[in-house]
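The structure appears right after this line, and notes come after that.
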Amino acid sequence: MYRILLLVLIALAPAASGTRIALPRPVAIAIQAEGEGPTTEEIEQAVSALREAFAQKDPAIRIAALNDHRVASKKVVAIQARALHSPDDMLQRAALDALRFTDHKSALLLLHKECKRNSALRGDEQLGPLLFRAIGQHSDPSSIELLQNKLYSETSRNIVRARLYSIANIRETKALETLFEIQRSAKGTAVKKYAREMRLCLIQLTGVDRGESPDRWREWWKENRRDFEVPEKAPLMPGELQRAWDSFWGIERVMPRGDRREDRGGD
């Protein structure tokens, strides 16, 4: 209940012949309606179920409870957080996923706290990207500084990618400006190494494709910065980039029948 469900009902279309990327058809996202929230009874039921599960030693029981009880409540988040410090890798993954999809401010605040204080989790090759993805899922501008801070000091490509993609999931001008700051501050081989990821992120927030050249992007930004506003809806990107983005966020696209094979981006 009260999970964020991404039901992306969208038809993939080839990119426009120019540099502007065609915007997709409307995306249907099922979320808790504004102003609604779980009842006291629902919160207490979730808390009770989680406490009962965490009283068991079997990690599978705890994981199942974390998956089934993502009620938007500070009390629920407090129990989810306990699993982040478990020695069990799968239980930590389940906790990060629960915090990712629990639509409550306390979940994001907890993720921020863990990111700042838990260096082992933050730097873990497998769990680190999941931590940053969980933060990015909330699409909150308050996360931008944390996602940007010393980004290129990371040694893991997966973690850098997760941080960049999470910034690009925040559809705000501040996020776009941050990407250009990151691009401008990159030194050594970082520019070339992450050119593909940066291109994807900039397309995601602008709907424009200037390729992997930092100079072309800077030229475009100089010409458009004053009046540019980040589009409300994300663009549909060229096939390989769109697949990379969708794979990272776990988005499944439903293809309408009759689409040409080449438009579907392969099998």
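What to note about this one:
- With a requirement of 2 or more residues that are within 18 Å of W220 (Cα to Cα) and in contact (Cβ under 8 Å) with a residue 24 or more places away in the chain, the helices (runs of 4 or more DSSP H) lying completely within region 140-193 that satisfy it span 173-185.
- Counted residues, region 108-139 - those being closer than 20 Å to L179 by Cα and in a loop (DSSP other than H, G, I, E, B): 2
- Filtering region 218-236 to residues that are in contact with a strand residue (DSSP E or B) (Cβ under 9 Å, 6 or more places away or on another chain) and assigned to a helix (DSSP H, G or I) leaves W220, N224.
- Taken residue by residue, region 155-177 has no member that is over 28 Å from L236 (Cα atoms) and among the charged types (D, E, K, R).
- I79 being out of contact with any strand residue (DSSP E or B) (no Cβ under 8 Å at 6 or more places or on another chain), without any contact (Cβ under 8 Å) to a residue 40 or more places away in the chain and surrounded by 20 or more Cβ atoms within 10 Å (Cβ to Cβ): yes
- Residue among A120, A53, A94, A107 that is free of Cβ contacts under 8 Å to residues at least 24 places away in the same chain, aliphatic (A, V, I, L, M) and closer than 25 Å to L147 by Cα: A120
- Taken together, the criteria exclude L9 from residues that are surrounded by 14 or more Cβ atoms within 10 Å (Cβ to Cβ), closer than 23 Å to S139 by Cβ, of a type outside the set (D, E) and at pLDDT below 95.
- Considering region 66-106, the residues that are among the basic types (K, R) and not in a loop (DSSP other than H, G, I, E, B) include one that is farthest from H138 (Cα to Cα), namely R82.
The values are calculated or read from the model by the stated rules, or taken from the named source; none is laboratory data. Note that the coordinates shown come from a computational prediction; the quantities given were computed from them, not determined experimentally. Don't worry about glycine lacking a Cβ; one is built from the backbone with ideal geometry, like all the others, and counts go over all protein chains shown.
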